[in-house]
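Asker: What follows is a structure written as structure tokens; I'll ask about it next.
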Amino acid sequence: QLLGQTFTLADFNQKAAPMWEFTTGGESVDNWTRLVTVLERPDARTREELDRLAQGIMDTYKSRNGKVLMAKTMPDPKGVPYNYIIVAFDEPAKKRYELNFVKVALGAKSAYVVVYGARVTDAKDYTAKSKAFLSERSGEIGMALAAAPAPDTAKLPRR
């Protein structure tokens, strides 16, 4: 559950690090409108390693033509710092923006990454619709990610 929506596991892979992708309403990882991605990062266990991980994630987004709209360290409700990134991918051929809201945080044993992805589409003016989505929903999404507990990846399925 996130933002009043139920997400179900749609995919798992373990290329570089374990990654689970969750979709809503029977959507797939190939054709989603909302997507939650959870990554387990046992290679980061300290604040310094967490910051390097967040920088690496930002660099990867930028190398794929993502526009970083915000990147900052924020406290969760308990005051524990985490890195928060918002990235936009302009997809004009599909008349949409893909917006990624990213939380990079330390869990009990290692770092984790949670990405809430939203695709905003409009055949007439997807840019205006995306800006409105950011204005209306980014605060709510950010607060939901801040309050979300560290995922217990040991309980997530592995195929």
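Asker: Test each condition in (1) outside any loop (DSSP other than H, G, I, E, B); (2) open to solvent by 40 Å² or more (accessible area, probe 1.4 Å); (3) touching a residue at least 40 places away in the same chain (Cβ under 8 Å) for D11 and report the one that comes out false.
Answerer: Of the numbered conditions (1) outside any loop (DSSP other than H, G, I, E, B); (2) open to solvent by 40 Å² or more (accessible area, probe 1.4 Å); (3) touching a residue at least 40 places away in the same chain (Cβ under 8 Å), the odd one out for D11 is (3).
Asker: Contact list please: Cβ distance under 9 Å, first residue in segment 65-87 and more than 10 Å from A105 (Cα to Cα) and open to solvent by less than 40 Å² (accessible area, probe 1.4 Å), second residue among the aromatic types (F, W, Y) and modelled with pLDDT of 95 or more, pairs at least six apart or on different chains.
Answerer: Listed pairs, sorted by first residue: G66/F89; I85/Y61; I85/F101; I86/F101; V87/Y61; V87/F101.
Asker: Does at least one position in segment 115-128 carry a residue that is under 15 Å from the mean Cα position of the chain (by Cα), without any contact (Cβ under 8 Å) to a residue 24 or more places away in the chain and more than 23 Å from V29 (Cα to Cα)?
Answerer: No: segment 115-128 contains no residue that is under 15 Å from the mean Cα position of the chain (by Cα), without any contact (Cβ under 8 Å) to a residue 24 or more places away in the chain and more than 23 Å from V29 (Cα to Cα).
Asker: Further question: Against the definition (assigned to a loop (DSSP other than H, G, I, E, B), in contact (Cβ under 8 Å) with a residue 60 or more places away in the chain and open to solvent by 70 Å² or more (accessible area, probe 1.4 Å)), how does D43 come out, yes or no? Don't jump to the end; show me each part of the working.
Answerer: Details: assigned to a loop (DSSP other than H, G, I, E, B): yes; in contact (Cβ under 8 Å) with a residue 60 or more places away in the chain: yes; open to solvent by 70 Å² or more (accessible area, probe 1.4 Å): yes.
Yes.
Asker: Can you tell me which residue in segment 22-40 is surrounded by the fewest Cβ atoms within 10 Å (Cβ to Cβ), limited to those that are over 28 Å from A108 (Cβ atoms) and acidic (D, E)?
Answerer: D30
Asker: Moving on to the next point. Condition first: more than 14 Å from the chain's Cα centre (by Cα) and exposed (fewer than 15 other Cβ atoms within 10 Å of the Cβ). Now tell me which residues in segment 50-64 satisfy that.
Answerer: R52, Q55, G56, D59, K62, S63, R64
Asker: Condition test on A108, is it touching a residue at least 40 places away in the same chain (Cβ under 8 Å) and surrounded by 17 or more Cβ atoms within 10 Å (Cβ to Cβ)? If you could, list the steps in order and put the result at the bottom.
Answerer: Working: touching a residue at least 40 places away in the same chain (Cβ under 8 Å): yes; surrounded by 17 or more Cβ atoms within 10 Å (Cβ to Cβ): no.
When the stated conditions are applied, A108 does not pass them.
The values are calculated or read from the model by the stated rules, or taken from the named source; none is laboratory data. Values in this document were obtained by computation on a predicted structure and should not be read as measured data. Using ideal geometry, Cβ is built from the backbone for each residue, glycine included, and neighbour counts are taken over all protein chains shown. Calculation scope for accessible area: heavy atoms of the full protein, side chains included, ligands and nucleic acids excluded. Shrake-Rupley method; radii C 1.70, N 1.55, O 1.52, S 1.80 Å.
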